[in-house]
Each structure stands twice: as C-alpha cells, then as structure tokens.
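A.B. asks: Got a structure for you, written out below as structure tokens; questions coming shortly.
The values are calculated or read from the model by the stated rules, or taken from the named source; none is laboratory data. Note that the structure is predicted; figures quoted are calculated from it, not measured. With ideal geometry, Cβ positions are generated from the backbone for all residues, glycine too; neighbour counts draw on all protein chains shown. Each accessible area value is taken on the protein alone, full model and side chains, heavy atoms only, with ligands, DNA and RNA left out. Shrake-Rupley method; radii C 1.70, N 1.55, O 1.52, S 1.80 Å.
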Amino acid sequence: MDRDQPISPPGNLNDLPDDSPQVRAAVAALRWRAVEENLEVRQSDLSDACLIRFLRCRDFDSDLAWKVFKNYHKWRRDCPEIIANLHPSSSLSLLQTGYIGILKERDPCGSRVVIYRIARWDPKIFTAYDLFRVSIMLSELLAREPDTQRNGVKAIFDLQGWKFAHAFQVTPAVTKKITFALTDGFPLKVRGIHLIREPIIFYHVFNLIKLLLPEKIKARIHLHGNNFAHGLQKHFPVSLLPEEFNGEAGSFEEFSKYLIDFLMESINYLQSISLF
C-alpha cells in the first residue's frame, strides 16, 4: 500500500487514554521538568491537556518532548508579530479568499489534511506573516485533538499562480520561522507535504527551505507537478479530495467554509493563548 503509514508502533503510550497511569506519570514528569527549569510559562501551559500534546507529538520520548516544549515557548516569545492576536475575525478577509481549507474527514492514516491554494494569495494585500498567522491558529486547534496528536497532519500546497511577488514575501526571516515550526517548534507531527502544479520559479524558495529541514521531513515531501491526480491519489482517496483536485468530496469552497467555521467556533480559546 502506497499511502503513508503511521510511524508510531502499536501498543505504545500513544495508544493509551489520557487518564492511564503511564500517561499521567509521563505528563507529571514533563511538568516537573518545566518547573525545575523555571521556564516563563503560564500556569495553563502546565495543565495535563497542554503537556500531553508535546509527549504525543514525539511518541512519549521525554527528551524530545521537552525540546519541543522549550522551543515552542521560545518562538512564541520571539514572534509577537505572528501571535499577538490570534483572533479569526482579524484574518477573515484572507480566509474568505479560499486560500486555505481542510478536509472534512481524516485520511486513512488518521491524519488531518490541510490544503493551501497559492493562486488565492494576493501578496499586495496579505503578507507572508498574515498567512503564517492563519496556519498557527489552525495548528493550535488541531494540536488539541487526541487523534491528531497521535496521527499528525499533512498538507497539500497547490502552487499554481506562484509569482515573483510571492517569492519576495518569503524572506530568510520568514523561512526560518516556518521551518522552525515544521521541525521542533510546534507540538504537531508533520506526516506529509504534497506540492502540486509547482512552477519552475518556485524551486528557488523551495531549495532554501529544504536547507533548513531535517532529513525526516525532507523524506515526507512529495512533488507531483501538473499531472498530479494519479500521484496524489496514491496518498489520499478520491472520496476525500475536492473536485478541483479530481476528487469526489465537493468543491473547495465547502472545505474553506468548514475551516472558517472551525476557527470561529474557537474564538475564546484562541484569544486565551494570544500574546498582547
């Protein structure tokens, strides 16, 4: 079977419920470590629900989970321009362009799948930071889902319409922040990155990003080109994909509206984790 398989072996701590003794012990140990190191975090950041995200995203390897925990709070402090106000209404004009959507169902591996359409991004109106902020809002919500903590996320980037104006937005500073979040800076497993209809001028930016990615993430990047239908369907059933990708799950507009509703229903939580 060609579709991506979950990496976590069966029977590990990821399969256990939150209230199991083994999971509770791992959470308590991570909390103790944060207190001992005297990290500047809020009390809510040390709750069971928050800490378990970091353990599951690294399959309960305590040292790796600790690394992500520290990095996550570091980039939050270092990137106020992105997380100063995680309020969906502030990004509603971008969301309504149809730039981003999310599949209504998980893929066969249990992963959430997010789709980005570059042609809907007008760089004269929206900056790369505006886009990144939307992705962070969505990621914060997905990281709360136990099944997503276990099975991660995948992304499909439709790069049709990529122009030099887009490339100029992706500065070295932006590239560094994106790759940091993709690797060890956010409590989500990145299970796959799929690029379709990628133009030649995109590869300059792509090669810069690849330089900063670890080998395990590079191995999960799939380039499908213009004739993407067959390659994409090796990873995602046609029953899950939008019509625009030769799928059978309805128009992309439905996926975009589903994402907007998902964000708007979580306004209070997103505001609670914003920095002001």
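A.B. asks: Give the residue that is surrounded by the fewest Cβ atoms within 10 Å (Cβ to Cβ), with candidates limited to residues of region 226-276 that are of a type in the set (F, W, Y) and more than 20 Å from the chain's Cα centre (by Cα). Let's see the steps before the verdict.
C.D. replies: First, pick out the residues of region 226-276 that are of a type in the set (F, W, Y): 228, 236, 245, 252, 255, 258, 262, 269, 276.
Restricting the remaining residues to those that are more than 20 Å from the chain's Cα centre (by Cα) gives 228, 245, 276.
On the way: F228: 20, F245: 19, F276: 7.
Only one residue tops the list, namely F276.
A.B. asks: Residue check: is K218 touching a Cys at 6+ places or on another chain (Cβ under 9 Å) and either among the basic types (K, R) or modelled with pLDDT of 95 or more (or both)? Talk me through it step by step, then tell me what you get.
C.D. replies: Details: touching a Cys at 6+ places or on another chain (Cβ under 9 Å): no; either among the basic types (K, R) or modelled with pLDDT of 95 or more (or both): yes.
No; evaluated as a whole, the condition is false for this residue.
A.B. asks: Next question. Mind checking which residues of region 16-35 are in a helix (DSSP H, G or I), over 25 Å from S272 (Cα atoms) and either among the aromatic types (F, W, Y) or free of Cβ contacts under 8 Å to residues at least 12 places away in the same chain (or both)?
C.D. replies: Within region 16-35, P21, Q22, A25 meet the criteria.
A.B. asks: Do the conditions hold for N85, that is, is it among the polar types (S, T, N, Q), closer than 27 Å to L270 by Cβ, in a loop (DSSP other than H, G, I, E, B) and open to solvent by 20 Å² or more (accessible area, probe 1.4 Å)? Spell out how you get there, then give the answer.
C.D. replies: Values: among the polar types (S, T, N, Q): yes; closer than 27 Å to L270 by Cβ: yes; in a loop (DSSP other than H, G, I, E, B): yes; open to solvent by 20 Å² or more (accessible area, probe 1.4 Å): yes.
Here the answer is yes, as N85 does meet what is asked.
A.B. asks: Let me ask another. Helices (runs of 4 or more DSSP H) wholly in region 167-276 with at least 2 residues that are in the same structural domain as F157 (by the TED database) and touching a residue at least 12 places away in the same chain (Cβ under 8 Å) - which ones?
C.D. replies: Those helices (runs of 4 or more DSSP H) span 172-183, 203-211, 229-233, 252-264, 267-272.
A.B. asks: Further, regarding this structure: Could you list, in sequence order, the residues of region 107-160 that are aliphatic (A, V, I, L, M), assigned to a loop (DSSP other than H, G, I, E, B) and out of contact with any Phe, Trp or Tyr (no Cβ under 7 Å at 6 or more places or on another chain)?
C.D. replies: Of everything in region 107-160, those that are aliphatic (A, V, I, L, M), assigned to a loop (DSSP other than H, G, I, E, B) and out of contact with any Phe, Trp or Tyr (no Cβ under 7 Å at 6 or more places or on another chain) turn out to be I125, A143.
A.B. asks: Restrict the check to region 148-166 and report whether at least one residue is β-branched (V, I, T) and at pLDDT below 95.
C.D. replies: Keep residues of region 148-166 that are β-branched (V, I, T), which gives 148, 153, 156.
Next cut, at pLDDT below 95 only: none.
No, region 148-166 contains no residue that is β-branched (V, I, T) and at pLDDT below 95.
A.B. asks: So, one more: State whether one or more residues within region 194-208 are open to solvent by 20 Å² or more (accessible area, probe 1.4 Å), under 22 Å from G110 (Cα atoms) and not hydrophobic (A, V, I, L, M, F, W, C).
C.D. replies: The answer is no, given that none of the residues of region 194-208 is open to solvent by 20 Å² or more (accessible area, probe 1.4 Å), under 22 Å from G110 (Cα atoms) and not hydrophobic (A, V, I, L, M, F, W, C).
A.B. asks: Go over the candidates R53, R106, R58 one by one and state the one that is within 30 Å of L232 (Cβ to Cβ), basic (K, R) and touching a strand residue (DSSP E or B) at 6+ places or on another chain (Cβ under 9 Å).
C.D. replies: Numbers: R53 fails: touching a strand residue (DSSP E or B) at 6+ places or on another chain (Cβ under 9 Å); R58 fails: touching a strand residue (DSSP E or B) at 6+ places or on another chain (Cβ under 9 Å).
The unique qualifying residue is R106.
A.B. asks: OK, next. Within region 88-109, does at least one residue satisfy the condition of being surrounded by fewer than 18 Cβ atoms within 10 Å (Cβ to Cβ) and over 28 Å from E248 (Cα atoms)?
C.D. replies: yes
A.B. asks: Specify which of the listed residues (R112, R144) is over 26 Å from P199 (Cβ atoms), surrounded by 18 or more Cβ atoms within 10 Å (Cβ to Cβ) and among the basic types (K, R). Spell out how you get there, then give the answer.
C.D. replies: Values: R144 fails: surrounded by 18 or more Cβ atoms within 10 Å (Cβ to Cβ).
From the options R112, R144, the qualifying one is R112.
A.B. asks: Surrounded by 11 or more Cβ atoms within 10 Å (Cβ to Cβ) and farther than 20 Å from K74 by Cα, is that true of V23? Spell out how you get there, then give the answer.
C.D. replies: On the way: surrounded by 11 or more Cβ atoms within 10 Å (Cβ to Cβ): yes; farther than 20 Å from K74 by Cα: yes.
So V23 fits the description; yes.
A.B. asks: Return the residues of region 31-68 that are aliphatic (A, V, I, L, M) and either within 23 Å of the chain's Cα centre (by Cα) or open to solvent by 60 Å² or more (accessible area, probe 1.4 Å) (or both); say none if nothing qualifies.
C.D. replies: We begin by selecting, within region 31-68, every residue aliphatic (A, V, I, L, M); these are 34-35, 39, 41, 46, 49, 51-52, 55, 64-65, 68.
Hits for region 31-68 are V35, V41, L46, A49, L51, I52, L55, L64, A65, V68.
A.B. asks: Now, a different point. Consider I136 carefully, then state whether it is of a type in the set (V, I, T), without any contact (Cβ under 8 Å) to a residue 60 or more places away in the chain, open to solvent by less than 40 Å² (accessible area, probe 1.4 Å) and farther than 22 Å from R58 by Cα.
C.D. replies: Working: of a type in the set (V, I, T): yes; without any contact (Cβ under 8 Å) to a residue 60 or more places away in the chain: yes; open to solvent by less than 40 Å² (accessible area, probe 1.4 Å): yes; farther than 22 Å from R58 by Cα: no.
No.
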